[in-house]
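The values are calculated or read from the model by the stated rules, or taken from the named source; none is laboratory data. Since we're looking at a predicted model, the values are computed, not measured. A quick note on method: Cβ atoms are made from the backbone with ideal geometry, for glycine too, and the neighbour counts reach across all protein chains shown. Please note that ligands, DNA and RNA were not included when accessible areas were found on the heavy atoms of the full protein model with its side chains. Shrake-Rupley method; radii C 1.70, N 1.55, O 1.52, S 1.80 Å.
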Amino acid sequence: MNTIKEKIKLLAKNYSPEIISIRRHLHKNPELSFEEYKTSDYISEYLKSLNILYKKGIAKTGIVAIIQGRNPSKKTIALRADMDALPIQETNKVDYCSQNIGVMHACGHDVHSASLMGTAKILSELKNDFEGTVKFIFQPGEERLPGGASLMIKEGVLENPVPQSIFGQHVMPFIDAGKVGFREGVYMASADEIYITIIGKGGHAATPHLNVDPVLITSHIIISLQQIVSRNAKPGIPTVLSFGKVIANGATNVIPDEVKIEGTFRTFDESWRKEAHKKMKAMAESIASGMGGKCEFNISIGYPVLINEQNLTSSAKKNAIEYLGEDKVEDLDIWTAAEDFAFYSQQINGCFYRLGVRNESKKITSPVHTSTFNIDESALETGMGLMAWLAIKELEG
């Protein structure tokens, strides 16, 4: 008689070719955030073929599915995958290259969805072997504010039944396929978008004394705002402020009337985050006013700090070691990227871990959000099997 772990491993191996095929289909047909209609239909049809109860149309394209084991009211846990792609033109030379111009699964959400579909198939097969209920969340719009997670929560994704905890996994191109990574506590940063308009008085560049130069004001603001990071951030709290877009539509001999800049602010502490917002706004407005101009400073509040609940994550790491072996489970450093999974972990205990997809021998090493991102597809067997195992172990706990 096989143990439940052996059953999961065997099923993951047997289903791997099918899930690889599903991943390739999703990769060939990527859709942007909140436009995942065909993706949603495809996943729904798959769930239907497995006789898994599901509801679609949550936050437009989101799906929630339910698998009940024995004694379904004993405990409920949730598993989450995101579905959206990025506005990137793929340059990989593979048979399953994106067929949608300018759209690519460059962050691995095709992997996440395919893996969770595999997990659903495994747990559907084993529903008489565990007690409790598993809720599957296929989520839209992770890559775009306000984040599909926040919208699905507002529409009741964490209700009826209420899960006690939630797991999510994300590809990691810096970890070899077959391995995973965990980190307890604070893991990923908050992320806010900054939009600043500096208003001056344009004119001929040869007569700057007759103008209020918004380009000069902007340069002072950009440099001075770095003091928020270097001189005001609390010790031990990593903080990032970066500006990636500056538009000053003047010319060699024309000073423009205004300059627009856009950037990102990221940190790992919510109280400091709010304090920094106030400091940045006050500093920028003061500099502009002192130099004779005006400043319109707007912050688009993004995803919160992602915190992995300590006990849940510690237990998940131990269970991963039991399933994969100690040499296949790594400790993660903090990551200054952001994830809307953080919205779930604000509501219930959450564990967001990393799935290795790297294979140097196959030259699969590109970072996410690049036109050459790809994965070693053997990672799908690891991903679906481990998530099924973590779900069952958490239901037992």
The Cα radius of gyration of the range 286-392, divided by 2.2 N^0.38 Å with N its residue count, comes to 1.53
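Provide the gained length on full extension for the span residue 289 to residue 334, in nm with one decimal, where the gain is 0.36 nm per separating residue minus the Cα-Cα distance.
Details: separation 45, 0.36 × 45 = 16.20 nm, distance 3.79 nm.
Stretched fully, the residue 289-residue 334 segment lengthens by 12.4 nm.
Can you give me the % of accessible surface on the range 201-297 that is carbon or sulfur? Probe 1.4 Å, all protein chains present, nothing else counted. Intermediate results must be reported in sequence, preceding the final value.
Values: 2930 of 5390 Å².
Solvent-exposed carbon and sulfur of the range 201-297 make up 54 percent of the total.
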Between the modelled labels at residue 370 and residue 3 (7 Å from Cα along Cα→Cβ) the distance in nm is 3.9 nm
For residue 283, the accessible surface traced by a 1.4 Å probe with all protein chains present amounts, in square angstrom to the nearest 10, to 50 Å²
When the charge dipole of the chain is computed with +1 at the Cβ of Lys and Arg and -1 at the Cβ of Asp and Glu, the Cα pointing farthest to the positive end, of 12, 53, 87, is that of 53
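Show 339, 360, 270 ordered by accessible area, largest first, where the area counts protein heavy atoms only and the probe is 1.4 Å. Walk me through the numbers on the way to the answer.
Details: 339 5, 360 120, 270 60 Å².
So, going from the largest accessible area down, we get 360, 270, 339.
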Per the Kirkwood formula over distinct C-alpha pairs, the hydrodynamic radius of the range 186-248 in angstrom is 14.3 Å
Listed by chain and number, the lysines with an alpha carbon less than 16 angstrom from that of residue 362, same-chain partners under 8 positions apart left out, are 93
Percent of all Cα-Cα pairs per 10 Å bin for the chain, counting from 0 up to the last occupied bin, reads 5, 21, 29, 22, 13, 7, 3, 1, 0
Computed for the chain: size of charge dipole around the Cα centre, +1 on C-beta of each Lys and Arg, -1 on C-beta of each Asp and Glu, debye to nearest 20, value 340 debye
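Mean residue ellipticity at 222 nm from the helices of the chain, using -39,500 (n - 2.57) per DSSP H segment of n ≥ 4 over the full residue count, to the nearest 500 deg cm²/dmol?
Numbers: 9 runs with 137 residues, N = 397.
Calculated mean residue ellipticity at 222 nm is -11500 deg cm²/dmol.
Suppose R0 equals 56 Å. What FRET efficiency, 1/(1 + (r/R0)^6) with r the Cβ-Cβ distance, do residue 253 and residue 94 give to the nearest 0.05? Walk me through the numbers on the way to the answer.
Details: r = 50 Å, r/R0 = 0.89.
So the FRET efficiency works out to roughly 0.65.
How much length, in nm to one decimal, is gained on full extension between residue 193 and residue 347, taken as 0.36 nm per residue of separation minus their Cα-Cα distance?
Details: separation 154, 0.36 × 154 = 55.44 nm, distance 2.33 nm.
Full extension from residue 193 to residue 347 adds 53.1 nm.
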Heavy-atom accessible area per residue of the range 1-85, all protein chains kept, 1.4 Å probe, expressed in Å², is 48 Å²
Partner lysines whose C-alpha sits under 21 Å from that of residue 294, ignoring same-chain residues fewer than 8 away, are 201, 245, 260, 278, 279, 281
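What is the local net charge at residue 396, summed over the other residues whose Cβ is closer than 14 Å to its Cβ (Lys, Arg +1; Asp, Glu -1)? Mind showing how you got there, number by number?
On the way: positive: 5, 70, 74, 75, 318, 393; negative: 129, 131, 322, 394.
Result for the neighbourhood of residue 396: +2.
Using only alpha-carbon positions, what ratio does the radius of gyration of the range 104-158 give when scaled by 2.2 N^0.38 Å? Please report the intermediate quantities before stating the final value.
On the way: Rg = 13.8 Å, N = 55, 2.2 N^0.38 = 10.1 Å.
My calculation over the Cα atoms of the range 104-158 gives 1.37.
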Partner lysines whose C-alpha sits under 20 Å from that of residue 13, ignoring same-chain residues fewer than 8 away, are 5, 121, 127, 179, 328, 393
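Between residue 25 and residue 270, what length comes free when the chain is fully extended (0.36 nm per residue of separation minus the Cα-Cα distance, one decimal in nm)? Provide the component values of the computation, followed by the final result.
Working: separation 245, 0.36 × 245 = 88.20 nm, distance 3.93 nm.
Once the chain is fully extended between residue 25 and residue 270, it gains 84.3 nm.
If Lys and Arg each add +1 and Asp and Glu each add -1, what is the summed charge of the other residues whose beta carbon sits under 12 Å from the beta carbon of residue 37?
On the way: positive: 38, 56, 60; negative: 31, 35, 36, 41, 84.
It works out to a net charge of -2.
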Surrounding charge for residue 195, neighbours by C-beta under 12 angstrom, Lys/Arg +1, Asp/Glu -1, total -1
When every protein chain stays in place and a 1.4 Å probe is rolled, 333, 110 sorted by accessible area with the largest first are 333, 110
For the range 216-257, shape from the Cα gyration tensor axes a ≥ b ≥ c, cut at a/c of 1.5 then a/b versus b/c, turns out prolate
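Whenever you get a sec, line up 122, 247, 307 from highest to lowest accessible area (probe 1.4 Å, protein heavy atoms). Spell out each step's value before the answer.
Values: 122 0, 247 65, 307 85 Å².
The most accessible residue leads, giving 307, 247, 122.
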Using the Cα gyration tensor of the range 20-157, the equivalent ellipsoid's semi-axes, largest first and to the nearest Å, work out to 27, 17, 11
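Round to the nearest 0.05 the FRET efficiency obtained for residue 327 and residue 262 when R0 = 51 Å and r is the Cβ-Cβ distance. Mind dumping the intermediate values first?
Values: r = 44 Å, r/R0 = 0.85.
With R0 = 51 Å, the Cβ-Cβ based efficiency is 0.70.
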In nm, the gap between the two label points placed 7 Å beyond Cα toward Cβ at residue 231 and residue 51 is 6.9 nm
So the pair-distance distribution of the range 338-397, from every Cα-Cα distance in 5 Å bins, comes to percents of 4, 14, 17, 18, 20, 14, 8, 4, 1
The percentage of the accessible area of the range 20-178 (probe 1.4 Å, all protein chains present) made up of carbon and sulfur atoms, to the nearest whole number, is 49 percent
